[in-house]
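Below: one structure, written as structure tokens.
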Amino acid sequence: MPIEGFEQRYVLGVPEMDAVHREFVELVNRLECADRTEFAALFGQLVDHTQTHFDNENALMRSSGFPAIREHMDEHQRVLGELRRINERVQRGSTLMAKAYVREQLPAWFDLHAVTMDSALAAHLKIHTQTGTLGPVVIH
């Protein structure tokens, strides 16, 4: 199932986070209808994108003193571990489990993560940016 309703549900008001999340959703949605050859390449891109995405969010949490950093980083590590393990199979030609993961697990995870953990981080970043205790939020 593709991830839909991005503008209504997932915009957090931190443009850099919103842009990275939009890219993530686009990759997941492209995987939904990819053929076997394209799927392997796109899944590898998803793993790379997610690694960069999580590294940048982790750096923001550290630099801003985000109080729920441990739980958020643990969740990043768990999901990235799943993606890497599945990618090993995908790159060897086994896509059945990966396609089920993209269709059934990843959209539900993103929905929960974005509206809970990431929205809390966005609120924290906006407060610290407005009070001048954090410079502009920049994700590379």
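Laboratory data are not the source of any read-out in this text; all were calculated from the coordinates shown. These numbers were taken from a predicted model, which means no experiment stands behind them. When we count neighbours, we look across all protein chains shown, and the Cβ atoms used for this are built from the backbone with ideal geometry, even at glycine.
The table below gives the values:
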read-out: Angle between the chain longest axis and helix 15-32 axis [Cα atoms, degrees, rounded to 10]; value: 10
read-out: Extension gain (nm, one decimal) between residue 6 and residue 103, 0.36 nm per residue minus Cα-Cα; value: 33.3 nm
read-out: Taking region 1-131 and dividing mean pair separation by its residue count, relative contact order in percent (alpha carbons under 8 Å, at least six apart); value: 38
read-out: FRET efficiency estimate (nearest 0.05) - Cβ-Cβ, residue 51 to residue 112, R0 22 angstrom; value: 0.60
read-out: Size-normalised alpha-carbon gyration radius of the chain, reference 2.2 N^0.38 Å; value: 1.08
read-out: Options 63, 77, 10, ranked by Cα towards positive dipole end of the chain, top entry (Cβ charges); value: 77
